[in-house]
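For reference, the structure is listed below as structure tokens.
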Amino acid sequence: MNEKIKLSRRALLGSVAGSFALPAAARAAVGSGTDPSIQPGAPFILTTWDFGPGANEVGYPILQSGGSAIDAVEAAINYVELLPDEYWVGYGGVPNEVGETTLDAMILWGPTHDVGAVGCLKRVKLAISVARKVMEETQHSLIVGDDATRFAARMGFEETSLTNLTSQTKWEEWAAKGIKTDAFDPEPFDEDTLKGHDTVGTIAVDADGNLCVGCSTNGREFKIPGRVGDSPIAGAGAYADQDVGAAVATGNGDVMMRFLPTYHTVELMRSGMSPEAAAQAAIKRITDKGYKFGGGIAAASVDGRHGGAKAGWEDVPFSYSVQTQSGGVKYPIA
Ligand code: ASP
């Protein structure tokens, strides 16, 4: 952890108590995903999808030993980014239209509301760690494309191919069909033709009450080169407010980013809604405009209430998992 964060945390200690000074309605609201084993003020970590339990097992020990929420979020997401067979996050997955895998990631540190993000990062595996460098080492919030790769090299990251046998084979099979990317399909008002995508989203609160959120993805299969999705956009792919809580999104980012659904979720939680009701309302805002899209949101308040919602994924088992001092629990979203 660099000096900027250390100072920020010290400066924040006084206001952390305020983190728990939620409106009475918010304290009383209980979402269906509430884990009764989370004591207010106890550390916890939440991660989306099936890789959630494994990611939480990497991140939670950091919190348990008094470590920072930002270290827990980074470690949990690095675990998923480096899974050799994970197609939707990190290297070796979701090639774009010309066969290259590119990464989007963001991290937001609650105590300072500082954000770092990379979009269309090429040839560097640990996108969330590069995003953290953007946050901690620069005044910028988002760096993209080959320039993000050059920034990563300046920060000491290794440049390496993000292609593996799976992504190469998938792309060759798709390219052999000679069809256009679905990115040129009509907007999804009749149906969502988009099939291939996923994002890891992680929320953590440490023993000092500090909140951090992060997300990382290789985006959308066979996307147009240069496409950046919702994940590195604050309020779209992820959002947090130290006084309230955090939310992470996954799904059709090209649609979801138009609504800043994680910002919306956190603001509804601020007004007293449970995380589950807030996530449902943020999803409904999108479907009310007529979009047929597949997507999900998971959210948690700083005092450990959590919940989620999804749209259009009848057959897709979207879930999030939470790990606390009493172990890990997976919460499927119906
Ligand atoms: N939201 C991501 C994107 O559109 C992909 C996903 O989470 O499914 O880039």
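Key figures
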read-out: Top-ranked residue in the stretch 290-306 [being of a type outside the set (Ser, Thr, Tyr) and out of contact with any Phe, Trp or Tyr (no Cβ under 8 Å at 6 or more places or on another chain); ranked as farthest from the ligand (Cβ to nearest atom)]; value: Arg305
read-out: Residue, farthest from the ligand (Cβ to nearest atom), within the stretch 210-222, restricted to residues that are among the hydrophobic types (A, V, I, L, M, F, W, C) and not in a loop (DSSP other than H, G, I, E, B); value: Leu211
read-out: The stretch 224-243 residues that are among the hydroxyl-bearing types (Ser, Thr, Tyr), paired with ones that are part of a loop (DSSP other than H, G, I, E, B) and surrounded by 20 or more Cβ atoms within 10 Å (Cβ to Cβ) (beta carbon under 6 Å, 6 or more apart); value: Ser231/Thr199; Ser231/Gly237
read-out: Search result, residues across the stretch 263-288 that are closer than 26 Å to Asp190 by Cα and in contact with a helix residue (DSSP H, G or I) (Cβ under 6 Å, 6 or more places away or on another chain); value: His264, Thr265, Ala278, Ala279, Ala281, Ala282
read-out: Those residues of the stretch 125-155 which are among the polar types (S, T, N, Q) and out of contact with any Asp or Glu (no Cβ under 9 Å at 6 or more places or on another chain), in sequence order; value: Thr138, Gln139
read-out: Residue check, Lys177 without any contact (Cβ under 8 Å) to a residue 24 or more places away in the chain, over 26 Å from Val134 (Cα atoms) and away from the ligand (no atom under 13 Å from the Cβ); value: yes
read-out: Of the criteria (1) touching a Cys at 6+ places or on another chain (Cβ under 7 Å); (2) of a type outside the set (Val, Ile, Thr); (3) within 15 Å of the ligand (Cβ to nearest atom), which one Gly93 fails; value: (1)
read-out: Selected residue [modelled with pLDDT of 95 or more, among the hydrophobic types (A, V, I, L, M, F, W, C), in contact with a strand residue (DSSP E or B) (Cβ under 8 Å, 6 or more places away or on another chain) and part of a helix (DSSP H, G or I)] from Ala279, Ala246, Ala236, Ala240; value: Ala279
read-out: Helices (runs of 4 or more DSSP H) contained entirely in the stretch 5-108, each with at least 3 residues that are modelled with pLDDT of 90 or more and touching a strand residue (DSSP E or B) at 6+ places or on another chain (Cβ under 6 Å); value: 52-64, 69-81
read-out: Residue satisfying condition, being away from the ligand (no atom under 16 Å from the Cβ), of a type in the set (A, V, I, L, M, F, W, C) and in contact (Cβ under 8 Å) with a residue 12 or more places away in the chain, within set Met135, Met106; value: Met135
read-out: Within the stretch 178-189, tally of residues that are surrounded by fewer than 14 Cβ atoms within 10 Å (Cβ to Cβ) and either part of a loop (DSSP other than H, G, I, E, B) or under 25 Å from the mean Cα position of the chain (by Cα) (or both); value: 7
read-out: Selection status of Ala278, under 24 Å from Asp114 (Cα atoms), within 15 Å of the ligand (Cβ to nearest atom) and surrounded by 23 or more Cβ atoms within 10 Å (Cβ to Cβ); value: no
read-out: Any pair with Cβ under 8 angstrom, 6 or more apart, that starts in the stretch 283-305 at a residue that is within 16 Å of Val266 (Cβ to Cβ) and of a type in the set (S, T, N, Q) and ends at one that is more than 16 Å from the ligand (Cβ to nearest atom) and outside any helix (DSSP H, G or I); value: Ser301/Leu22; Ser301/Val244; Ser301/Gly245
read-out: For Val244: the one exception among (1) away from the ligand (no atom under 13 Å from the Cβ); (2) closer than 20 Å to Ile333 by Cα; value: (2)
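Every residue, every condition in (1) on the phi > 0 side of the Ramachandran plot; (2) away from the ligand (no atom under 15 Å from the Cβ), yes or no:
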residue	(1), (2)
Asp208	no, yes
Ile224	no, no
Tyr239	no, no
Gly272	yes, yes
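The values are calculated or read from the model by the stated rules, or taken from the named source; none is laboratory data. Remember, it's a predicted structure, so these values are computed and weren't measured experimentally. Glycine gets a Cβ as well: all are built from the backbone with ideal geometry, and neighbour counts include every protein chain shown.
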